[in-house]
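As structure tokens, the structure follows; a few thoughts come after it.
The values are calculated or read from the model by the stated rules, or taken from the named source; none is laboratory data. The shown structure was predicted, so the numbers you read here are calculated from the model rather than taken from an experiment. As a convention, Cβ positions derive from the backbone with ideal geometry for all residues, glycine included, and neighbour counts pool all protein chains shown. The protein model used for the area step is the full one, side chains on, heavy atoms only, and it has no ligands, DNA or RNA in it. Shrake-Rupley method; radii C 1.70, N 1.55, O 1.52, S 1.80 Å.
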Amino acid sequence: MIPVLTLDGPSGVGKGTVASIVAQKLNWHQLDSGAIYRAFALAAMDCGIGIDNLDGLLELASKLDLEFKSNSDHAPLSVYLDKVDVTTELRTEKTATVASKYAQLAPLRKVLLVKQRQFQKPPGLVADGRDMGTVVFPDAPFKVFLTADPEERARRRLKQLQVGGNAGNISHTLDGVRKRDERDKNRAHSPLKPAKDALIIDTTNLTIDEVISKVMAIIEV
Ligand code: DC
């Protein structure tokens, strides 16, 4: 059985940063499932396929040409859609909002689920998202759920946007974080929630290094 560490949690909690550092420490593969939903949203927007055209969306999802490339310096993975680098576009608030809307569609989640499970390769996988521990890898031996206050998450998200070359302001970012939380928590299928066997870590007042130590501790026991 190839081991999986699932890292779930809401927008801006720092899952991606923790996932890439832990994956490098363990020398495991990494799955940024949010990037799959975001890339899908970009592709759908490019093709002009709206949320009411389910057949069109499912066809697009089954043909999605997506590639991830890791960077050596703990930077987020670079993402290529149809061989084009979409890493910066992927990180905008607009893409996140559209992704969160499409992510409510159960048949679409089913198609994307198959793609996500293909990332489970030796020697192991660090998978971050909303439903990694509950739906995509329910048998994972290591499960973590990260939380933090919305204000702190909006601050982190804004910083991340700025580093990625995208502009933003705090009240707009906080509003986006809150709206995505609502949608992701209350949707009927695979809502954002901790798996029963997940370790819950409130990161509001923790540094990245402190969070990493807590996560590594459950793997190294
Ligand atoms: O983690 P993120 O902010 O990149 O995710 C963007 C959106 O994608 C999120 O608001 C909901 C959706 N998503 C999801 O439904 N399930 C996942 N496992 C990951 C992301």
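Per-atom-type breakdown for the range 153-211 gives carbon and sulfur 53% of the accessible area (1.4 Å probe, protein chains only). As a calculated quantity, the FRET efficiency between T147 and N71 at R0 = 41 Å, using C-beta atoms, amounts to about 0.95. Bridgeable lysines around K94 (alpha carbons under 29 Å apart, same-chain partners fewer than 8 residues away excluded): K15, K63, K69, K83, K110, K115, K159, K179, K185, K193.
Taken over the C-alpha atoms, the chain has Rg and Dmax values of 16.2, 49 angstrom. The length gained on full extension between H189 and T88, counted as 0.36 nm times the residue separation minus their Cα-Cα distance, comes to 33.5 nm. D by Stokes-Einstein for the range 12-138, Kirkwood Rh over Cα pairs, 25 °C, 0.890 mPa s: 164 µm²/s. With each pseudo-label sitting 7 Å past Cα toward Cβ, what's the K101-M45 distance in nm, one decimal? Taking the two extended label points, one gets 1.0 nm.
Our summary gives the chain a relative contact order of 33 percent, counting only alpha carbon pairs under 8 angstrom and 6 or more residues apart. I want the local charge near I49. Using Cβ-Cβ distances under 13 Å, sum +1 for each Lys or Arg and -1 for each Asp or Glu among the other residues. That sum, taken over residues with Cβ under 13 Å, equals -2. Compute the signed sum of charges (Lys and Arg +1, Asp and Glu -1) over the other residues within less than 10 Å, Cβ to Cβ, of L5. Value of the local net charge: 0. Electrostatic tally near A188: other residues with Cβ closer than 13 Å to its Cβ, Lys and Arg +1, Asp and Glu -1, net +3.
Projecting label points 7 angstrom from Cα along Cα→Cβ for D197 and D139 puts them 1.1 nm apart.
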